[in-house]
1. Which whole-Hz ³J(HN,Hα) couplings does region 44-53 yield from phi under the Karplus relation 6.51 cos²θ - 1.76 cosθ + 1.60, θ = phi - 60°, glycine and proline marked x?
2. What ranking, highest mean first, results for peptides 36-43, 106-113 when packing means the other Cβ atoms within 10 Å averaged over each residue?
3. Can you tell me the length gained on complete extension of the stretch GLN38 to ASP106, counting 0.36 nm per residue apart and subtracting the Cα distance?
4. Taking θ as phi - 60°, what are the ³J(HN,Hα) couplings along region 76-88 by the Karplus curve (6.51, -1.76, 1.60), each to the nearest whole Hz, with x for Gly and Pro?
5. Length gain on complete extension for the stretch LYS87 to SER131, per 0.36 nm per residue less the alpha carbon to alpha carbon distance?
6. So for the pair VAL6, SER48, with labels modelled 7 Å out along Cα→Cβ, what separation do we get in nm?
7. To make sure I understand, if each residue's beta carbon is the centre and we count other beta carbons within 10 Å, what order do SER14, SER131 fall in, fewest to most?
8. Quick one: Karplus J couplings for region 108-117, per residue in order, coefficients 6.51, -1.76, 1.60, θ = phi - 60°, nearest Hz, x for Gly and Pro?
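Here, each number is a calculation from the coordinates, and none is a lab measurement. Because the structure is a prediction, the values reported are computed rather than measured. Here the Cβ is made from the backbone with ideal geometry for all residues, glycine too, and neighbour counts use every protein chain on show.
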Amino acid sequence: MIKKKVLCDHCRGSGAASDRDIHTCSTCNGAGVRLVKQQIFPGMFAQSQVTCNDCGGRGKVIKSMCPHCRGAKILDHTAHFTLEVEKGCPEGHQIVFEGEADESPDWEPGDVVLRVRSRKEQGGFKRKETSLYWTETIGVDEVSSLIPVGCLGLIRLLRRRYLGSNISSPT
């Protein structure tokens, strides 16, 4: 699950209840900026350009807001992705979902990139390149239950070497 922003389905990212509710800003005449004159001292003025307060620099004013997104243009959404990690997938492998990042009316959505990483746990599997390994210490008597009958000669050899030659082995 990934939480992301999506365009409002009702207004399609305009923020207005309908297309007729979007008008040109009367304060800046659609420019998004205003020229402000300030008197420094008698006879001398400084002129500066500032962002329009009424339209926020957009040049458009919304008379009636969208009832679903309340003029925000986007809504929160939880996306569910199905991810299949192939056997032997290397550490750091990237899986890309194109165009699935946050949406906005001002830009194209980006990509969601997931990287495969293995957890660092003690006593668990350890990764070496594309293989997983598990290290476990077991006794020689436990080996006989794990190895097929054809390998009993190896077990007898190991018992003699590590436990002494007077130990009897199962036949």
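1. Using θ = phi - 60°, the values come out as 10, 10, 10, 10, 9, 9, 10, 5, 5, 6 Hz.
2. Details: 36-43: 7.5, 106-113: 11.6.
In descending order of packing, they fall as 106-113, 36-43.
3. Numbers: separation 68, 0.36 × 68 = 24.48 nm, distance 3.36 nm.
Taking 0.36 nm per residue and subtracting the Cα distance, the gain is 21.1 nm.
4. Rounded to whole hertz, the list is 6, 9, 10, 9, 10, 10, 9, 10, 10, 9, 6, 4, x.
5. Values: separation 44, 0.36 × 44 = 15.84 nm, distance 0.89 nm.
Full extension of this stretch gives 15.0 nm more.
6. 4.4
7. Numbers: SER14 20, SER131 10.
Sorted ascending by nearby Cβ count, the order is SER131, SER14.
8. 7, x, x, 9, 9, 10, 10, 10, 7, 9
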